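Everything on this sheet refers to the single structure shown next.
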């Protein structure tokens with residue numbers, strides 16, 4: 001039986017690149033997104049549309065749509081980036097980023113616990129901008145805080161899920177050429193997806209809870 005991966009935010013960018021990567025490896029791909037794309041429909045065995053990870057009812061519907069399906073890998077990829085500067089902070093965008101980037105992955109993971117079992121893995125697509133030690137440029141208040149919170153959630157998930165044989169990783173994809181950064185990144189989504197998938201494949205219960213770059217480099221908290 002083929003392995004199954006569920007990816008949130010799978011309709012474009014890194015999520016779509018991950019869907020294509022896993023499909024190419026013979027995996028069964030479940031794509032969760034607010035609205036699908038023709039590209040996702042080509043590679044996904046199942047697409048669950050209308051999923052806003054900030055809405056409990058949407059996430060509950062996702063859980064119902066895949067009831068009884070074992071997930072070998074859950075990739076919490078859906079994310080949002082806004083830019084705030086001190087002196088003109090927009091607390092609405094800060095709150096929205098917390099809802100999408102931090103609470104969303106935690107909400108999805110909890111809702112899909114019944115689909116995860118011994119040997120399953122959870123990958124949270126985070127950012128090195130969530131590293132407090134690595135912050136030497138300031139700004140991006142909402143994005144930094146939301147990714148730092150996601151890292152903290154991921155660490156706790158790793159501890160709580162280890163007795164069940166489920167490993168968890170926080171993975172920074174790199175500076176990727178996606179719409180989120182107006183396609184101004186340094187690497188294409190395909191390269192980031194391959195790196196993320198390699199990190200997930202290498203993840204074990206012994207290394208669970210770590211924070212890595214998609215190139216395998218351990219990142220500071």
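The residue pairs whose first member lies in the range 22-50 and is more than 11 Å from residue 11 (Cα to Cα), whose second member is in a helix (DSSP H, G or I), and whose beta carbons are closer than 6 Å, counting only pairs six or more residues apart or on different chains, are 23/43; 29/19; 29/22; 29/23; 29/43. Residue 99 meets the conditions (1) under 22 Å from residue 195 (Cα atoms); (2) in contact (Cβ under 8 Å) with a residue 24 or more places away in the chain in every case but one. The failed one is (1). Entry remark, the range 174-200: residues being in a helix (DSSP H, G or I) and at pLDDT 75 or above number 12 in total.
Pairs linking a residue in the range 190-203 that is free of Cβ contacts under 8 Å to residues at least 40 places away in the same chain to a residue that is surrounded by fewer than 17 Cβ atoms within 10 Å (Cβ to Cβ) and not in a helix (DSSP H, G or I), with Cβ atoms under 6 Å and 6 or more positions apart or on different chains, are 195/215.
Filtering the range 1-34 to residues that are within 22 Å of residue 173 (Cβ to Cβ) and loosely packed, with under 14 Cβ neighbours inside 10 Å leaves 24, 25. Filter the range 53-73 for residues that are surrounded by fewer than 16 Cβ atoms within 10 Å (Cβ to Cβ) and under 17 Å from residue 27 (Cα atoms) and give the result. Listed by number, the residues that qualify are 69, 70.
Residue 128 meets all of the listed conditions (1) more than 24 Å from residue 63 (Cα to Cα); (2) surrounded by 18 or more Cβ atoms within 10 Å (Cβ to Cβ); (3) at pLDDT 95 or above but one, namely (3).
Return the residues of the range 119-161 that are part of a loop (DSSP other than H, G, I, E, B), under 21 Å from residue 198 (Cα atoms) and either in contact with a helix residue (DSSP H, G or I) (Cβ under 6 Å, 6 or more places away or on another chain) or free of Cβ contacts under 8 Å to residues at least 40 places away in the same chain (or both); say none if nothing qualifies. Those that are part of a loop (DSSP other than H, G, I, E, B), under 21 Å from residue 198 (Cα atoms) and either in contact with a helix residue (DSSP H, G or I) (Cβ under 6 Å, 6 or more places away or on another chain) or free of Cβ contacts under 8 Å to residues at least 40 places away in the same chain (or both): 126, 127. Among the residues of the range 1-35, just one is more than 18 Å from residue 108 (Cα to Cα), at pLDDT 95 or above and out of contact with any helix residue (DSSP H, G or I) (no Cβ under 9 Å at 6 or more places or on another chain), namely 26.
The values are calculated or read from the model by the stated rules, or taken from the named source; none is laboratory data. Worth saying up front: this structure is predicted, and the values here are computed from it rather than measured. Glycine also receives a Cβ, built like all others from the backbone with ideal geometry; neighbour counts cover every protein chain displayed.
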